[in-house]
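Below: one structure, written as structure tokens.
The values are calculated or read from the model by the stated rules, or taken from the named source; none is laboratory data. Because the structure is predicted, anything quoted here is derived from the model rather than measured. Every residue, glycine among them, receives a Cβ derived from its backbone with ideal geometry; neighbour counts consider all protein chains shown. These area figures cover heavy atoms from the full protein model, side chains too; ligands, DNA and RNA do not enter into them. Shrake-Rupley method; radii C 1.70, N 1.55, O 1.52, S 1.80 Å.
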Amino acid sequence: MFARITGVGGSLPGNPVTNLDLVRRGVDTDDEWIVSRTGIRSRYLADPETSSSDLALEAARSALLSAKTDAAEIDLIIVATSTPDCIFPGTSCLLQAKLGNKGAMAFDVQAVCSGFVYALTIAEKFIRAGGTKKALVVGAEVFSRILDWNDRSTCVLFGDGAGAVVVEASETPGILSSVAYADGAHHAILSVPGNVCGGKVIGDPFLRMDGQAVFRFAVRVLFDAAEKCCANAGISPCDVDWFIPHQANVRIINSTAKKLGIPPERIIVTVDTHGNTSAASIPLALSVAVADGRIQRGQKLLLEGVGGGLTWGAVLLEF
Ligand code: UT7
């Protein structure tokens, strides 16, 4: 029994906000710096009324439609998010209520930018173990809520959005291999350190990152995870049809792909127009490339992510 993706969907709020728009809003930056250091040209930013579960709902509806599946048939809902609607209940339960599903197991995964890879890996294990037949796996974020707009080294990098897949038990492949790791010793180089206590925010409630340290770590572990994930399935990373990495920085994407021997024409890149949407970035990139016809059924896809924790992982699948 395999776990196979049968539907894909994505959601982006409002209109694109360009680098120049950020300059006009008072961020001390310029288009040339952002494009040359990151590849980002624009991102989408949700209005204050739009939550992660709203974006998740739109992405989930479109994934369900493409899988020709009714929300009532879903028996597992996993939402990967670091920007939940509230402390609890889980954004997964709020999404479940909005979808009108009753009874599915629903929980959130907190693995930051690796969240979707973690969530897909978990869904696969549930399906392969038996019992779960149809899972909805979502990455949804409103990272604009946790950005310090006076910190130009982080606020220009991130955007909001959601991506979703329906994963079903199937006799045909399917997810072929997955790996997931964490090393909490590096927690301080990418974090939102604050918390809520006694009705007050205690400490710093904004995203803080040592960009260069994360960059170095990311290139090393993404290479390693891709090699291990593909080796488990007996193939080489350079044999995949499409590489769909976490969309943080085009320089990280290109140097990882180069080390893996994957040519640029087989990489899906959306960081230029979406920015870094954390857990949403991989399913959003997948949904874009499925919608525009680049990704076709039967092709081998390598998904991989790295993020706060630090966490990282990869999934190899036949689409
Ligand atoms: O999704 C989670 C994973 N996150 C990542 O993968 C992010 C990984 N890191 C990166 O992508 C890169 O390290 C950054 C894009 C964050 C930064 O690029 P960098 O080439 O490492 O730049 P830097 O931090 O070394 O900054 C160089 C200079 C500094 O100026 P000085 O001190 O050299 O005069 C910064 O003040 O660039 C300056 N700078 C900016 N200038 C204009 C930093 N941010 C900006 C900005 N606009 N937005």
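What the table below lists for this structure:
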item	result
Residues that are under 16 Å from G309 (Cα atoms) and small (G, A, S), drawn from the range 187-206	A188, S191, G194
Lone qualifier among G313, G275 - being surrounded by 20 or more Cβ atoms within 10 Å (Cβ to Cβ) and either within 23 Å of G184 (Cβ to Cβ) or of a type in the set (K, R) (or both)	G313
Any hit, the range 268-285, residues being in contact with a Gly (Cβ under 8 Å, 6 or more places away or on another chain), assigned to a helix (DSSP H, G or I), closer than 20 Å to S178 by Cβ and among the β-branched types (V, I, T)	yes
Filter result for N276 (touching a residue at least 60 places away in the same chain (Cβ under 8 Å) and under 30 Å from P13 (Cα atoms))	yes
Residues that are assigned to a loop (DSSP other than H, G, I, E, B) and surrounded by 21 or more Cβ atoms within 10 Å (Cβ to Cβ), drawn from the range 246-261	H246, Q247, A248, N249
Identity of the residue in the range 36-85, within 21 Å of G275 (Cβ to Cβ) and β-branched (V, I, T), that ends up most open to solvent (accessible area, probe 1.4 Å)	T50
Filter result (within 9 Å of the ligand (Cβ to nearest atom) and in contact with a strand residue (DSSP E or B) (Cβ under 9 Å, 6 or more places away or on another chain)) within the range 23-39	T38
Single match in V290, V269, V219 (criterion: outside the structural domain of V117 (by TED's automatic domain parsing), more than 16 Å from the ligand (Cβ to nearest atom) and under 18 Å from the mean Cα position of the chain (by Cα))	V290
In the range 115-158, the residues that are over 30 Å from R25 (Cα atoms) and touching a Phe, Trp or Tyr at 6+ places or on another chain (Cβ under 6 Å)	T132
Strands (runs of 3 or more DSSP E) lying entirely in the range 177-245 (those with 2 or more residues that are touching a Phe, Trp or Tyr at 6+ places or on another chain (Cβ under 8 Å))	none
Qualifying residue in the range 104-125 (condition: modelled with pLDDT under 95 and either assigned to a strand (DSSP E or B) or not assigned by TED's automatic domain parsing to the domain that holds F223 (or both))	no
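Yes/no matrix, rows are residues, columns are (1) in the same structural domain as V27 (by TED's automatic domain parsing); (2) open to solvent by less than 10 Å² (accessible area, probe 1.4 Å); (3) within 13 Å of the ligand (Cβ to nearest atom); (4) under 26 Å from L94 (Cβ atoms):
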{"position": "K133", "(1), (2), (3), (4)": "yes, no, no, yes"}
{"position": "A140", "(1), (2), (3), (4)": "yes, yes, no, yes"}
{"position": "I146", "(1), (2), (3), (4)": "yes, no, yes, yes"}
{"position": "W149", "(1), (2), (3), (4)": "yes, no, yes, no"}
{"position": "G163", "(1), (2), (3), (4)": "yes, yes, no, yes"}
